[in-house]
Structures are given as structure tokens and as C-alpha cells.
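K.L.:
First the structure, which I've put down as C-alpha cells, then a few questions once you've had a look.
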Amino acid sequence: MKGYKSDTIRNVALIGHGNCGKTTFLEAALLATGVINRLGKVEDGNTVSDYDKMEIEKGYSISTSIVPVEYNKVKINFIDTPGFFDFIGEVNSAMRAVEAAIIMVDASAGIQVGTEKAWNTCNEFDMPRFFLLTKTDKENVDTAKVVEDLKAKFGVSVVTLDDKDALNEAIAETSEELLDKFFSGEEFTEEEFKQGLHNGIASGDIAPILKSSALKGEGIKELMDAIIKYIPTPTEHKEYHGLDGDDKDTIRKVDPNGFASAFVFKTIADPFLGKISLVKVISGKLTPGQEIYNTRAEKSEKLGAMFFLRGKTQGESAPVEAGDIVAIAKLQVTKTGDTLCDKAHPITYPPISFPQPSLYVAIEPKVKGEEEKVSSGLHRLMEEDPSFVLERNVETHQTLLGGQGEIQLGIITAKLKEKFATDVVYVDQKIAYRETIKGSSDVQGKHKKQSGGAGQYGDVHIKFSPSQEEFEFSEALFGGSIPKNYVPAVEKGLRESLDKGPLAGCKVVNVKAVLYDGSYHDVDSNEMAFKIAASLAFKKGIVEAKPCLLEPIMHVEILIPDEYMGDVMGDMNKRRGKILGMEPQNGGIQKVMAEAPQAELFDYAVTLRSMTQARGSFTMNFERYEELPAHLAEKVIAKHKAEEEAAH
């Protein structure tokens, strides 16, 4: 594939609900331009775009792929994105590399949740957009109704290109001059009409609707004509903002004659070529062999093999101009979200925004001893998909995998098995409970050991009571009952005991300990003896001071359409949750603030998605600890005791 000039390139993301026809549309576009000689089918696993073994098995896209189509001397870089909501990270990455999006709508299904989400994504990225009705050849499809539904749902800016009255009205809104002309009843010149439509689409004020049938090859070239005619070229994109070498705001225009800069929006782990970085060139040019600077890693990289990808097919690239997308193999330190640039003129573009994980699962290697292999494999997969996280909970000693939903986490663990020959199992997630006391106690801890030679002797009297601080220690000794040099050992013995409480082996918090008396032996007393004596006093003192279990309480913020309010509030009450308040948002959305115990929220992502047809979303953060109700505490303590007995 030859190199293209910046103004003969169009970069377009295909977004929309799962199974709305994105991949099949690309097959039709490649067939229409003579790249392939027959239409591949998703169900047959022979499409250009879904080439990954797992995508073929599953029958749907799970990662972004690039399919350039050359048409009328223009290269359209189509970026095919997954439709499942678990892969929103892939969509966010793609949106950083394009100047427009096509929202695909299955005409036989009408507006779906993914259609709404695609529209919202375009708003979030301030992205020009088209609608493309697909599968118009299906029986009983009423495209006129779908068009009316789109207009009703998304507003007056949604128009078909053959509705001249609606188009004229929408175009009039793009400038004062055209508005005056429209109201005075004058017709627009052909140039005014074309420029007004172009400007309206570029600003997002006009979203044209086109129709297609990939199976019949209808509407494919018409869409590509519209893309070439109306979608902004890379050079028409507004200036890109970034930070210079002194962390000050700076801008770059999409200019092939400017200083080189590029953004890495996706990484592919290829089994043969190793790591492949997908790069959008923003300014200047990139050439094989060129030295380029990675601003995050603060290291230079030498550009090796550069090529254009079409699905998995690679085509050699000439020097690549600003505005184009290219694949670069084997960059050493470069990751998704990095900026590559001319070292003498540095710029760092903002990283990709990935949503917080909403679902966590605890995992263990299926085969004991493969912890390192699992960790290494997951970190490699994170290069491909930085939207999932791997965390080690230091208190529960569990490894947690976090992502957007069950499908994404299932794909990650399946890839781990396929690519790195190691498997994991899901285990119950543990909760980092705490132990504390509600009362006071006054106890003695005495450690006395005599065995032949030197013995051990330590004796302490300690008062325990609740505290606002995590742990408070003081001494009120009198008359030399214990030499002062043993006091630090007593404190150390107490602090070490905090890690494992007597109820369920949890960390102990909010305790005050006052050492007020004791005794010692001239020969047998030492620091170790007093440390042990303190730990004996701790165990006894906590048990006698009305101990209780505390559980983590989370602050949850939920965004839902109005109609799901009752269901969501009812469900939150069942989870021992409290609704703190509500704030109306734009577009009939409510923000619900709530608090609930962490133990009740492990499956919340799955339930909320099911309850709201995937329209709801939430974020969750730790708020504080609260006492665990007695009937639940009994179960936790009983389980701990059973585990202790089994271990012995």
C-alpha cells in the first residue's frame, strides 16, 4: 500500500451495539474495492477484521482492528471496534486515532443500548458522526420507522441526506449568514450547501443517516463517498494539546512538515512478530530507521519494521505522513498511551482514559507453583488491553483481576491459557475485616520459662480501652516495677499482635493500651520475654474488652436512567445499603449516591447491568469501617475457626 498525503486520508471508527454489522460492512467495502473477491462471514470465521482465533471461536469482535480501504484515490482507515460493553477500553483507544465515527444501527433491531452508548461516546470525544442503518435487506425491516426513532431519540441534527428540507434547516444553523439566508427564503448555492453540511458534520451539529445492505452490496460506496466528501481530513482536525518538556501546555497542528510526533493508541502481542504498536502520526513524518523519543520512558527508540495493517495482513509502508495510522514492530519501551516525538521538540499527549474496573474476581493458578507464570502472562496481556488491572491485596493475600464485566475477564483468562499455557481458577473473594473493642479490660500477661540455663521472665499489667487512633500506647509505671529499657519491647509485642486478632485473625484497630505495672527478674528478664508477655496480655485483654468485627463500607455512585430508579433503590436496600441522595443529570439520568458493605457488592456490576439493560454504570470507593451485625460476625468467626482447625 502506497503512502498517502494527509489530505487524502480519512480515519473513521465503526462503533455500535454488538452484532450490528460492523465487521460485515468492512467485508462489503473490501469486496466493493476489489481487495477480496467474496464476502467473508462472521459465523464462518473468515472475515478480514475478526482474525483473532478467539474472535473466530466466539463469533464477535473482542479487540480493535484496522482495515484501510482505498477508494477514489483516498485511503479510509476504518477502525473496527467491539460492540460488547466490556470492551469500552478498546472503543476509547480507537476514538483517539480518528476524526469521525460511524454509529452502526441494525435496522431490524432499531435503537439498542449500544446505539445510545455510541452516541454518548461521540459526545464525550466531541466526535463528528454518521449513522449507518445495516441489514436493510432483512424481512419486515421498516427503515422509515428507525429513521424517525433516531430523530426522536437524538434530536433535530439527525437527518437523511435525501431530506432536503431537514438538511437545509440543519445547515442554516451552522452560521449566522446561512441562517439569515434561510429565513429570508433564499436558496443556498451548491457550494454553500456542501460547505454548510461539511461544517455541520465536523462540528457534530449534523449527524447524517445512510442505509446499507452488506450482503447485497447496497449503500457501501455511497457511505464511502459521503465519508470522503463530508468527514474532516486529519489536517482539519482541531489542534492537538499536550505538554512540552517543561510540562507546559503546547499544541501541534496536523502538519506533515512539522516536528515528528505520534500517539500509540493500541498494542498487539503478535506470536511471531512480538509486540506491534499501532500509532497515529499527528505531526511530521515517521520513517523506518528514524530515532524517535518516548516522553514517558524518557528513552529514544529506533523505528524498525513499519507496515500498514489490514486485519492481520501486513503491507509495507513508505514514510508515513501526519494523519495516517501505521503499525511499528518491536519497540522496546513503548506502551499503549505513549507519545513518540522529535527529542529536540518534545510533546506528551494526554494518555487514554480507561474506565475504572467495575468487577473484580479473585484468582489462583490452577497448578500450584505457577504464580510467576500467571503474573507474567497477565502483565503481557495488559500491554494489549490496559483496561483491566491486576492487584495483590496485601491483607487477604489474594490476587484480584479487575475489568468491565464477566465477558472481558473470561476472555483474559482464556487468552492466558491459550497464549501462555497457564490457567487460573476463580476463588471466593475474601474481605479485609477488622477487629476492635467496645469495652475496657485490665489484664496481666506473664511469661516465665525455666529450662536448665538462663530462664525467661516478663510480667506486665496492661489496661485496654477503645481509641480514636489506630493504636495508642503509653506507660504509667511507678517505682521501677519494670525497668524503662523493657518498655519498647512491650510496645513492640503489642504492635506485632495487632496483625492477628483473637476473633477471626483480622487486623486489630482503634485500641489504646496503657502499661501500668509488672515485675522483672534481674537475671532471667530480657526484651524477648517482655515482648512475649505483652502478646499474652493482648490476646487476653482484647477478648475481655467486648471485641467485635468491623466490615468495610463502600461509597457507591450510580448513574441510571430515571425509569430504573425504583429497581436500583430496592436492590440497594436488599444489600444492607443506604441511599444518601440523588442528583439529576442531563438526558434523563439520575446520579444515586449510596453506601453499602463491600461484602454485598462483589456481584454488583453484573446485577446493575442486568437490571438496567446495561444502561447503568457505577463507581465505588472505600469509605470507612463499621461494626458487622452479630449474626454475620458469628459466621465469619466460625469459618475462621474451621479453617484454623483444618490447617492443624
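The values are calculated or read from the model by the stated rules, or taken from the named source; none is laboratory data. Keep in mind it's a predicted model, so treat the numbers as computed, not measured. In this analysis, Cβ positions are derived from the backbone assuming ideal geometry, glycine residues included, and neighbour counts consider all displayed protein chains.
K.L.:
Which one is modelled with the lowest pLDDT, of the residues in the range 465-499 that are out of contact with any Asp or Glu (no Cβ under 9 Å at 6 or more places or on another chain) and charged (D, E, K, R)?
P.N.:
It comes out as D499.
K.L.:
Which residues, counting only those in the range 279-293, are part of a strand (DSSP E or B) and either of a type outside the set (A, V, I, L, M) or touching a His at 6+ places or on another chain (Cβ under 8 Å) (or both)?
P.N.:
K280, S283, K285, E291, Y293
K.L.:
Let me ask something else. Return the pairs, sorted by first residue and then second, in which the second residue is surrounded by 11 or more Cβ atoms within 10 Å (Cβ to Cβ) and among the β-branched types (V, I, T), the first residue lies in the range 155-167 and is more than 16 Å from K229 (Cβ to Cβ), the beta carbons are less than 6 Å apart, and the residues are 6+ apart or on different chains.
P.N.:
S157/I206; A166/V159
K.L.:
While we're on this one: Of all residues in the range 620-633 being within 29 Å of the chain's Cα centre (by Cα) and surrounded by 17 or more Cβ atoms within 10 Å (Cβ to Cβ), which is modelled with the highest pLDDT?
P.N.:
Selected residue: Y625.
K.L.:
In the range 22-56, what residues are of a type in the set (F, W, Y) and assigned to a helix (DSSP H, G or I)?
P.N.:
If the condition is that a residue be of a type in the set (F, W, Y) and assigned to a helix (DSSP H, G or I), then F25 is the only one that fits.
K.L.:
May I ask you to say which residue of L536, L550, L580 is within 20 Å of D459 (Cβ to Cβ) and at pLDDT 95 or above?
P.N.:
L536
K.L.:
Only one of E563, E491, E496 is over 28 Å from H397 (Cα atoms) and either outside any strand (DSSP E or B) or among the polar types (S, T, N, Q) (or both); which?
P.N.:
Being over 28 Å from H397 (Cα atoms) and either outside any strand (DSSP E or B) or among the polar types (S, T, N, Q) (or both) holds for just one of E563, E491, E496, which is E563.
K.L.:
Another question, if that's okay. Those residues that are surrounded by fewer than 18 Cβ atoms within 10 Å (Cβ to Cβ) and touching a helix residue (DSSP H, G or I) at 6+ places or on another chain (Cβ under 7 Å), I need them from the range 591-619; list them, please.
P.N.:
Hits for the range 591-619 are V606, T607, M611, Q613.
K.L.:
Let me ask something additional. Select from the range 14-56 the residues that are modelled with pLDDT under 90 and among the acidic types (D, E) and list them in ascending order.
P.N.:
The answer is E43, D44, D50, D52, E55.
K.L.:
Here's another thing I want to ask about it. Taking the condition within 24 Å of the chain's Cα centre (by Cα), in contact (Cβ under 8 Å) with a residue 24 or more places away in the chain, closer than 24 Å to A202 by Cα and part of a strand (DSSP E or B), does A269 pass?
P.N.:
no
K.L.:
Can you confirm whether the range 36-50 contains a residue that is of a type in the set (K, R), in contact (Cβ under 8 Å) with a residue 12 or more places away in the chain, outside the structural domain of I328 (by TED's automatic domain parsing) and buried (at least 18 other Cβ atoms within 10 Å of the Cβ)?
P.N.:
no
K.L.:
Related question: Give the residue that is farthest from P357 (Cα to Cα), with candidates limited to residues of the range 566-602 that are in contact (Cβ under 8 Å) with a residue 12 or more places away in the chain and assigned to a loop (DSSP other than H, G, I, E, B).
P.N.:
That would be G588.
K.L.:
Also, quick follow-up: Out of the residues in the range 423-438 meeting the condition of being in contact with a helix residue (DSSP H, G or I) (Cβ under 8 Å, 6 or more places away or on another chain) and not in a strand (DSSP E or B), tell me which one is surrounded by the most Cβ atoms within 10 Å (Cβ to Cβ).
P.N.:
Across the range 423-438, the extreme among qualifying residues is Y433.
K.L.:
Looking at the structure I just gave you, is V636 in a helix (DSSP H, G or I), surrounded by 11 or more Cβ atoms within 10 Å (Cβ to Cβ) and within 25 Å of the chain's Cα centre (by Cα)?
P.N.:
no
K.L.:
Which one of V42, V67 is under 26 Å from H237 (Cα atoms) and touching a Gly at 6+ places or on another chain (Cβ under 9 Å)?
P.N.:
V67
K.L.:
When only residues in the range 497-534 that are without any contact (Cβ under 8 Å) to a residue 60 or more places away in the chain and under 18 Å from S467 (Cβ atoms) count, which is farthest from the chain's Cα centre (by Cα)?
P.N.:
Y516
K.L.:
Another one. If only one of V113, V146, V67, V105 is over 20 Å from G217 (Cα atoms) and buried (at least 21 other Cβ atoms within 10 Å of the Cβ), which one is it?
P.N.:
The conditions single out V146.
K.L.:
While we're on this one: Determine whether L223 is more than 17 Å from A13 (Cα to Cα) and in contact with a Leu (Cβ under 8 Å, 6 or more places away or on another chain).
P.N.:
Spelling it out, it is not the case that L223 is more than 17 Å from A13 (Cα to Cα) and in contact with a Leu (Cβ under 8 Å, 6 or more places away or on another chain).
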